[in-house]
Amino acid sequence: MVNKPIELDENILNELKSTGNRCVKCGACMKQCEMLRYFCKNPRSLFKSAVEEKSMNLYIPYSCSMCKTCKSVCPENLDLGDVFMNIRKYAVENNGGVSPMKGHRSVHMHQTLSFSRFFSGILGDESHKKIKRLFMPGCSLCAYNPELVFKTLEYLKKDFPETAMIIECCGKPSKIIGEEESYKQKITKLKRMADSSGALEIVTACQSCFLLLKECGLNQNIISLWNLLAKIGLPQEAKGIGKSSDIVFSIQDSCVTRYREDIQNSVRYIVDELGYKVVESLHYGKHTHCCGMGGMVSTTNPDISMQVMEDTANSGSTDYLLTYCASCRESMSMGGKKSLHLLNLIFGGKWDSKREVPGKTSLYKSWMNRYKIMRGGYRI
């Protein structure tokens, strides 16, 4: 791997020294993290070396998934992701506000397109001019399956007719690579869109959107789609549909909501209502592992990203993995497992081993699917 060092200032060096000194070298994080095993023997030695050299190879912080697995197992509650995130921000600040990593050109292109009028807007119903609720499916779900997006919207409108759909990126790709100013501009645009709609609440299907919107102080109440579906119930035709299925699923919990037991419990309640059998993965709940898409690692260190995908996919106890994150579904498919999104089970009829499971979605098809969403609704 190319060495791309960056000189570190006193604030970063002090943080590295403090965190490194607290590391007890127990090895708990090393057992769980492919990235740490790739770069060091333990965090203490890694950070000590950086302090002594007053620099760090940028591929190290940009190879972190930011998934907080390390924190979940650390006896000292160390969050190495926070340290690496601060180095990312520092690198961006010292590069004119833009990430210095070449691989992030694809992230910049994604963000430019996502916030363009071709892939951004509010889609509503001509017969309902007043909007009180917005459904936000998120970029990945729109890229995966437009049909599921529209079926979800229509079902939500049965419970709450004054529901429209907001097609907008939450800006996390910019935030996660350390481009804070760019992220602030994007989240401000989203806030303006939400406020202009008059909506009182936003229902998110994406866990990253859910957390970011919760954190950024929107004027709307932010609700997880999974908590909402567990509350209002499933379509009648979906209840018990999987009871006679020969598929046994393991559930891949989203790492960004590892501490949201309410969402995890809602997902399992929904699967139980559907009637499908579940055997838990080796790592689930607050100890879930990243799917490999976290931290935008695939754009800077695809080898580690691919290894994480394969390791996490293989930690599933069955041949079929069920996700409630479209990015997780994609990566678990790339990792070698038959992977479905929870909305496939709710709105896609009965699934058994005779049905072909969707594989990886091509980049071209992903953008075409997102364009179909915009073409398929009434823009407000």
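The values are calculated or read from the model by the stated rules, or taken from the named source; none is laboratory data. Since this is a predicted model, take the numbers as computed values, not measurements. Glycine gets a Cβ as well: all are built from the backbone with ideal geometry, and neighbour counts include every protein chain shown.
There is no residue in the stretch 262-275 that is hydrophobic (A, V, I, L, M, F, W, C), on the phi > 0 side of the Ramachandran plot and in contact (Cβ under 8 Å) with a residue 40 or more places away in the chain. Remark: residue 119 falls outside the filter, which requires a residue to be among the aromatic types (Phe, Trp, Tyr), more than 30 Å from residue 220 (Cα to Cα) and crowded, with 19+ Cβ neighbours inside 10 Å. Looking at the stretch 338-380, which of the residues that are hydrophobic (A, V, I, L, M, F, W, C) and outside any helix (DSSP H, G or I) is nearest to residue 133 (Cα to Cα)? For the stretch 338-380, the residue satisfying everything is 380.
Across the stretch 109-123, the qualifying residues are those that are part of a loop (DSSP other than H, G, I, E, B) and of a type outside the set (D, E, K, R), and the one among them that is nearest to residue 194 (Cα to Cα) is 120.
Kindly evaluate residue 149 against the criterion of being buried (at least 23 other Cβ atoms within 10 Å of the Cβ) and of a type outside the set (Asp, Glu). Yes, satisfied. Those helices (runs of 4 or more DSSP H) of the stretch 1-77 in which at least 2 residues are of a type in the set (A, V, I, L, M) and under 25 Å from residue 302 (Cβ atoms), considering only elements entirely within it, cover 34-39, 43-53.
Residue-wise test of (1) modelled with pLDDT of 95 or more; (2) charged (D, E, K, R); (3) touching a helix residue (DSSP H, G or I) at 6+ places or on another chain (Cβ under 8 Å).
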| residue | (1), (2), (3) |
| --- | --- |
| 44 | yes, yes, yes |
| 107 | yes, no, yes |
| 131 | no, no, yes |
| 138 | yes, no, yes |
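Here residue 95 clears all of (1) surrounded by fewer than 17 Cβ atoms within 10 Å (Cβ to Cβ); (2) more than 20 Å from residue 178 (Cβ to Cβ); (3) free of Cβ contacts under 8 Å to residues at least 60 places away in the same chain except the condition numbered (2). Listed by position, the strands (runs of 3 or more DSSP E) contained in the stretch 164-271 that have at least 2 residues being out of contact with any His (no Cβ under 8 Å at 6 or more places or on another chain), crowded, with 17+ Cβ neighbours inside 10 Å and in the same structural domain as residue 153 (by TED's automatic domain parsing) are 201-204, 221-224. Taking every residue in the stretch 184-199 that is in contact (Cβ under 8 Å) with a residue 60 or more places away in the chain and pairing it with any residue that is in a loop (DSSP other than H, G, I, E, B) and of a type in the set (Val, Ile, Thr), at least 6 positions away or on another chain, the pairs with Cβ-Cβ distances below 7 Å are 197/131; 198/131; 199/131. Selection of the stretch 126-176 for residues being of a type in the set (D, E, K, R), in contact (Cβ under 8 Å) with a residue 40 or more places away in the chain and more than 26 Å from residue 345 (Cα to Cα) yields 126, 130, 132, 172. Summed over the stretch 305-333, the residues that are under 17 Å from residue 226 (Cβ atoms) and either of a type in the set (Val, Ile, Thr) or part of a loop (DSSP other than H, G, I, E, B) (or both) give a count of 3. When the residues of the stretch 122-141 are filtered to those that are more than 23 Å from the chain's Cα centre (by Cα) and not hydrophobic (A, V, I, L, M, F, W, C), the one that is surrounded by the most Cβ atoms within 10 Å (Cβ to Cβ) is 124. Any residue at all in the stretch 281-299 that is within 29 Å of residue 241 (Cβ to Cβ), in contact with a Ser or Thr (Cβ under 7 Å, 6 or more places away or on another chain) and surrounded by fewer than 17 Cβ atoms within 10 Å (Cβ to Cβ)? The answer is yes; a qualifying residue exists.
Scanning the stretch 269-298 for residues that are in contact with a Phe, Trp or Tyr (Cβ under 8 Å, 6 or more places away or on another chain) and within 21 Å of residue 225 (Cα to Cα) returns 270, 271, 276, 278, 286.
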